[in-house]
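Structure first, commentary second.
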């Protein structure tokens, strides 16, 4: 069960460098606001997950593929709910994996469970086009 923990987090941005892409792993509300809510040029796909979660391990490579193939069109962010419980609580994460698509600072779509590459990309593009 996910619960709210009163823990003081230092603002930090964990960056995983891969070929030609930078995937952001956020742990603070300040960085979430900057990287997700303040993004105005492309949709943001946010993967709320945990390292111990088997379905998250299935979705993880799919999200990585979206980041690798669509990084000019879709910004991809990962939030580990164990490292960022305040963000998990703020967005009502009760089951993981949960994926949000944000467009211009607003949640345009939410998925719970594993989704296909095509669904994540198509819904992200639809949100940007104002179709969702």
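Values in this text are rule-based calculations from the coordinates and carry no lab data. This is a predicted model, so every value here is computed, not measured. We place every Cβ from the backbone using ideal geometry, glycine too, and count neighbours over all the protein chains shown.
What list do you get for 41, 98, 68 if you sort them by fewest beta carbons within 10 Å?
Fewest-to-most Cβ neighbours within 10 Å comes out as 41, 68, 98.
What is the order of 123, 39, fewest Cβ neighbours within 10 Å to most?
39, 123
Sort 104, 33 so the one with the fewest other Cβ atoms within 10 Å of its own Cβ comes first.
Starting with the residue having the fewest Cβ neighbours, the order is 33, 104.
Just the number, please: percent antiparallel of the DSSP beta bridges in the range 13-128, rounded to the nearest 5.
Once the DSSP bridges in the range 13-128 are tallied, antiparallel ones form about 70 percent.
Once you keep just the Cα pairs under 8 angstrom separated by 6 or more residues, what percentage relative contact order results for the range 13-128?
It comes to 33 percent, rounded to a whole number.
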